[in-house]
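Read through the structure below, which is laid out as structure tokens, and then see the notes.
The values are calculated or read from the model by the stated rules, or taken from the named source; none is laboratory data. Computed from a predicted model, the values in this text were never measured in an experiment. Here the Cβ positions follow ideal geometry from the backbone for every residue, glycine too, while neighbour counts run over all protein chains shown. For the accessible areas, the whole protein counts, side chains as well, though only heavy atoms, and no ligand, DNA or RNA atoms are used. Shrake-Rupley method; radii C 1.70, N 1.55, O 1.52, S 1.80 Å.
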Protein chains: 2
Amino acid sequence: MTTRRVNLNTESVDNYLKAIFALGGPEEERVSSTALAERLGVAPASITNMLQKLAASPKSLVEYESRRGVRLSPAGRLRALEVLRHHRLLETFLYEVLDYPIEEVHDEAERLEHFISERFEERIDAKLGRPKFDPHGHCIPALDGKMPAQHSKSLADIKEDGKFIVDSVADGDAALLKRLKAHGIIPGARLLVSSSSHEEFILRAGRAAQAFCLPRSLACAVRLRSSD
Amino acid sequence: MTTRRVNLNTESVDNYLKAIFALGGPEEERVSSTALAERLGVAPASITNMLQKLAASPKSLVEYESRRGVRLSPAGRLRALEVLRHHRLLETFLYEVLDYPIEEVHDEAERLEHFISERFEERIDAKLGRPKFDPHGHCIPALDGKMPAQHSKSLADIKEDGKFIVDSVADGDAALLKRLKAHGIIPGARLLVSSSSHEEFILRAGRAAQAFCLPRSLACAVRLRSSD
DNA sequence: GAAGCAATTTAGGCTTACCTAAATAAATTA
DNA sequence: TAATTTATTTAGGTAAGCCTAAATTGCTTC
């Protein structure tokens with residue numbers, strides 16, 4: 001029989017919690033092993049194993065029932081938000097203070113988020129003037145885990161042409177991010193959206209910028225809010 | 001039989017290389033397993049094990065002969081210096097940009113040095129104006145591993161009373177560092193050294209500062225150069 | 001209601017970097 | 001030189017966090 005205890009303060013556990021948080025969505029629905037396996041790039045069996053250990057641990061971070069998926073417990077949610085806070089503060093810091101190009105902040109933050117101290121977190125937060133948003137337009141959770149409600153909608157859900165403000169852009173795909181930036185599609189920009197076909201959107205930021213064709217499959221990388 | 005290959009890009013290997021570099025001294029003498037074990041806080045058998053793997057690896061980072069100690073190869077030395085560069089740049093950055101108290105920079109840098117990218121290194125180096133010394137007065141190795149020769153001497157080797165300039169202070173012992181700072185004993189300070197007994201030194205920085213009694217056992221934490 | 005299928009879990013392995021205990025080698029002392 | 005002490009290495013083991021292959025479970029669908 002396998003051991004029943006885990007050390008909960010590992011990079012690995014943090015990544016599981018982050019993934020459950022992200023996949024659970026705002027409704028915090030149960031997340032399946034398969035979805036987690038895909039997200040974390042790990043075999044489904046490894047997921048089961050880790051979830052069993054996490055659930056069996058005294059400090060319960062997740063609620064897990066065999067074959068019925070996982071959810072974060074309040075403690076797990078708080079931890080996930082702490083890591084997210086680290087991540088987004090780091091991204092902001094790399095962008096604002098160290099002049100990283102936006103498409104490179106994610107990977108660096110992804111590595112460092114696990115290793116910075118509370119003091120480091122506090123100091124960059126102070127240095128940046130307690131920012132509320134990272135350079136992608138994502139909001140930075142407060143120390144107690146609070147985040148203001150989201151009022152943006154995914155470009156993927158836009159049904160008719162119109163004018164919007166870019167709320168945020170996804171940080172995972174560096175190449176896409178670079179192209180979006182090159183066309184002026186950055187948080188806060190005015191954006192003219194027209195749907196050329198079932199395949200793609202045509203986007204134009206400001207009037208100087210060239211039009212940009214974005215396949216619908218990537219449309220979820222851009223979130224919008226109405227332009228007043 | 002144990003495996004003959006190691007992944008050389010691990011935090012652990014970096015720490016071994018750093019320790020060998022530090023213990024070898026400027027003459028780069030062979031370092032014993034016991035000394036390494038003590039420095040790294042690990043059982044002697046674990047040292048033997050790791051050294052055998054390191055030595056057997058194709059990319060030879062160390063020269064190791066059974067029961068005769070280890071030395072760094074040129075490649076190992078370069079790697080150790082890269083890590084040392086990371087460490088000292090980070091310390092400088094935490095101190096100058098993030099306003100850390102000097103006694104806290106070491107531990108944070110010790111953790112982060114393994115995870116920052118070349119880009120991060122370059123950016124903090126640029127931000128700091130390509131510094132040559134860290135806040136403890138230690139010189140920062142160049143990208144190619146070069147370091148200017150040291151012209152300081154340990155307080156422990158001082159035989160007669162006199163006036164000196166504080167060259168550097170050791171970074172490992174936070175409590176001591178804090179006390180030294182409180183008495184004005186920081187790199188660049190003028191220092192009056194008198195030897196009260198076989199047990200301790202009496203140190204006075206500037207004339208405002210209070211005298212500070214430092215046990216001889218800790219004297220190696222302070223390095224001096226002559227005051228012109 | 002049985003067959004087929006996809007998702008999930010169990011079982012058993014591997015690697016890394018540690019550990020302890022026992023064996024061996026080298027150095028010191030009598 | 002023989003005996004003792006100390007340093008080092010060998011041998012065998014552990015915990016994490018991953019893996020693959022082989023069950024198993026819980027649906028669908030006929």
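Key figures for this structure:
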item	result
Among residues of the range A:95-104, those that are surrounded by 18 or more Cβ atoms within 10 Å (Cβ to Cβ) and at the interface with another protein chain (Cβ under 8 Å from one of its Cβ atoms), counted	3
Candidate set from the range B:27-79 (those that are of a type in the set (Ser, Thr, Tyr) and modelled with pLDDT of 95 or more); member that is nearest to B:GLU11 (Cα to Cα)	B:SER46
Check on B:ASP107, open to solvent by 70 Å² or more (accessible area, probe 1.4 Å), within 14 Å of chain A (Cβ to nearest Cβ), more than 22 Å from B:PRO141 (Cβ to Cβ) and not hydroxyl-bearing (Ser, Thr, Tyr)	no
Test result for A:THR48, open to solvent by 20 Å² or more (accessible area, probe 1.4 Å), within 13 Å of DNA strand D (Cβ to nearest atom) and within 14 Å of another protein chain (Cβ to nearest Cβ)	no
Check on A:ARG79, assigned by TED's automatic domain parsing to the domain that holds A:ILE47 and either within 16 Å of DNA strand C (Cβ to nearest atom) or touching a residue at least 60 places away in the same chain (Cβ under 8 Å) (or both)	no
Condition met for A:PRO131 (in a loop (DSSP other than H, G, I, E, B), more than 11 Å from chain B (Cβ to nearest Cβ), surrounded by fewer than 21 Cβ atoms within 10 Å (Cβ to Cβ) and at pLDDT 95 or above)	yes
Residue in the range A:24-35 that is within 11 Å of DNA strand D (Cβ to nearest atom) and open to solvent by less than 60 Å² (accessible area, probe 1.4 Å) present	no
Matching residues in the range A:56-70 - criterion: being crowded, with 18+ Cβ neighbours inside 10 Å and either among the hydrophobic types (A, V, I, L, M, F, W, C) or on the phi < 0 side of the Ramachandran plot (or both)	A:LEU61, A:VAL62, A:TYR64, A:VAL70
Filter result for A:SER73 (of a type outside the set (A, V, I, L, M, F, W, C), on the phi < 0 side of the Ramachandran plot and touching a Ser or Thr at 6+ places or on another chain (Cβ under 8 Å))	yes
Complete set of residues in the range B:1-23 that are open to solvent by 70 Å² or more (accessible area, probe 1.4 Å) and either within 23 Å of B:PHE115 (Cα to Cα) or near DNA strand D (Cβ under 8 Å from one of its atoms) (or both)	B:MET1, B:THR2, B:ARG5, B:ASN7, B:ASN9, B:GLU11
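Residue by residue, here is whether (1) under 30 Å from B:LEU8 (Cβ atoms); (2) within 14 Å of another protein chain (Cβ to nearest Cβ) holds:
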{"residue": "B:GLU121", "(1), (2)": "yes, yes"}
{"residue": "B:GLN150", "(1), (2)": "yes, no"}
{"residue": "B:SER197", "(1), (2)": "no, no"}
{"residue": "B:PRO215", "(1), (2)": "no, no"}
